[in-house]
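Please read the structure below before turning to the comments.
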Amino acid sequence: MYDERLTVPRSWWLLPVAAGLSLALILLRFSAVGALAGLVVGIVATAAAVSSYGSARIRVVQGSLVAGQARIPVTALGAAQPLDRAEALAWRSVKADPRAFMLLRSYVPTALRVEVCDPADPTPYLYLSTRSPQRLAEALDAARDRTDQGTPDRGDADRSEADR
C-alpha cells in the first residue's frame, strides 16, 4: 500500500570522504600506512553511519503502520494531519509533546501527524517525517477502511515468492 525509505540527500555522501580524509591527515603524522588505514576506516565507518541513518522506512502493510522500529495497528490510530514545512517545524519544536513518537529526519521538510486513540497507549500522536504526507494519510485511511470492513490487507503477501 505505502512504502517510503527516508534516504539521506546525495550531498551527505560527501561526509564519509571528508571524515576519511580528516582521519588520514591526523594519522599521516605517524606513518603513511596509518594514514591509508585511517582513510579507509574513516570512509567505511562514516558511510555505514550515513546509510544506517538513511535506512528508516515508513510502511502501511497488513493493517499496521510500520515506522522505523514501531509497528502500530491502524485501528489504534486516529486522524492524520499532513503538515507543510512551517507546520512540521512547529510540531517538532514549540508544539512538540515529549511523549510523542517521532520518526524525525531533519532533511525531510514535510511530515504527517497521526493521533493515537488507544487509551492504553500514553503516546498522544506520531510525528512522521515523510516526503509525501498526503499519500501516507490516504494509505492510512484506506487501510483503516479495509480493517473496518473486515477485508484483510495482505500487503507483502500479494507478491509472489519470486518478487521478494
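Results, tabulated for the structure shown:
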{"quantity": "Of all residues in region 114-136 being in contact (Cβ under 8 Å) with a residue 60 or more places away in the chain and in a helix (DSSP H, G or I), the one that is farthest from Ala80 (Cα to Cα)", "calculated": "Arg135"}
{"quantity": "Filter pass, Thr7 being touching an Asp or Glu at 6+ places or on another chain (Cβ under 9 Å) and of a type in the set (S, T, N, Q)", "calculated": "no"}
{"quantity": "Any pair with Cβ under 7 angstrom, 6 or more apart, that starts in region 68-84 at a residue that is at positive phi and ends at one that is in a loop (DSSP other than H, G, I, E, B) and open to solvent by less than 70 Å² (accessible area, probe 1.4 Å)", "calculated": "Gly68/Ala56"}
{"quantity": "Residue satisfying all of: in region 67-80; open to solvent by 20 Å² or more (accessible area, probe 1.4 Å) and under 16 Å from Arg131 (Cα atoms); modelled with the lowest pLDDT among these", "calculated": "Gly68"}
{"quantity": "Selection count where residues are open to solvent by 70 Å² or more (accessible area, probe 1.4 Å), part of a helix (DSSP H, G or I) and free of Cβ contacts under 8 Å to residues at least 24 places away in the same chain, scope region 1-36", "calculated": "10"}
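The values are calculated or read from the model by the stated rules, or taken from the named source; none is laboratory data. On a predicted model such as this, the values are computed, not experimentally measured, just so you know. In this analysis, Cβ positions are derived from the backbone assuming ideal geometry, glycine residues included, and neighbour counts consider all displayed protein chains. When the accessible area is computed, the model is the full protein with side chains, heavy atoms only, and any ligands, DNA or RNA have been set aside. Shrake-Rupley method; radii C 1.70, N 1.55, O 1.52, S 1.80 Å.
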